[in-house]
Amino acid sequence: MELQDDPQELMPRRRPTQERSKRKFDALLQASRELLVEVGFESFTCEEVAARAEVPIGTLYQFFANKYVIVCELNRQDLVAVSRELADFHGEIPSLDWLRHMNQFVDHLANLWMTDPSRREVWLAMQSTPSTRATGAIHEKEFAEVVSQMLRPLTPRTPRARRTMMAEVLVHVVYSMLNFSVQDEQGNAEAVSELKRLMVAYLLVAEKESRSASGR
């Protein structure tokens, strides 16, 4: 099935509303994660997903036009889940202990990537075509908006456009570094520590600049 160029096409054809359909939808996505980890995206097929989920292939195509749509939905779900967790974390910013909270959240993300190999496989699959990359950029921008709101009390005098760019940079760097951290399990802790140092340095400078602007 031909891949659409428009990233808006890389969305499920429909989302289930009835419980029975939701179970099939979820089973297809879970089977997709397992298959991605086992064979990688290049060997990933809709037929194998349907077989593993014990769902007719016709039912899969009712939801997903092709495997690119499946992986984009997995990516969206991963970022939505993290966004919700970050919204809870948002309540801790700004506090005198915001660095500790940030470190805890980065540790949480790193643990997710270490214990769930499908997260890296989904991220890698999103880099496979211009359309999936474009769709991934849309998902990242939505997630970055949550990060931007988190940064607002920390950098109250920073212009909104710059804060948005800062958030997008942070999201891109974090996910690139998470991918790097699980390429070699032996280097995971060291890579995560370097990520924290990068983020702390970046945010401390941003906080200082904002505070200086408020005194002008």
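The values are calculated or read from the model by the stated rules, or taken from the named source; none is laboratory data. Everything quoted here is computed from the prediction, not taken from an experiment. Positions of Cβ are backbone-derived with ideal geometry, glycine not excepted, and every protein chain shown enters the neighbour counts. Accessible surface is based on the protein model in full, side chains and every heavy atom, while ligands, DNA and RNA are left aside. Shrake-Rupley method; radii C 1.70, N 1.55, O 1.52, S 1.80 Å.
Here is how the numbers come out for the structure above:
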read-out: Highest to lowest packing among 154-166, 58-70, scored as the average C-beta count within 10 Å; value: 58-70, 154-166
read-out: Area projected by the alpha carbon convex hull of the stretch 104-216, averaged over all directions, nm²; value: 7.4 nm²
read-out: Accessible area of the chain belonging to carbon and sulfur atoms, whole % at 1.4 Å probe; value: 51 percent
read-out: Accessible area per residue in Å² at 1.4 Å probe, computed on the chain; value: 55 Å²
read-out: Solvent accessible area, Å² - Val55, 1.4 Å probe, full protein context; value: 20 Å²
read-out: Tail fraction, Cα-Cα pairs, the chain, threshold 28 Å, whole percent; value: 36 percent
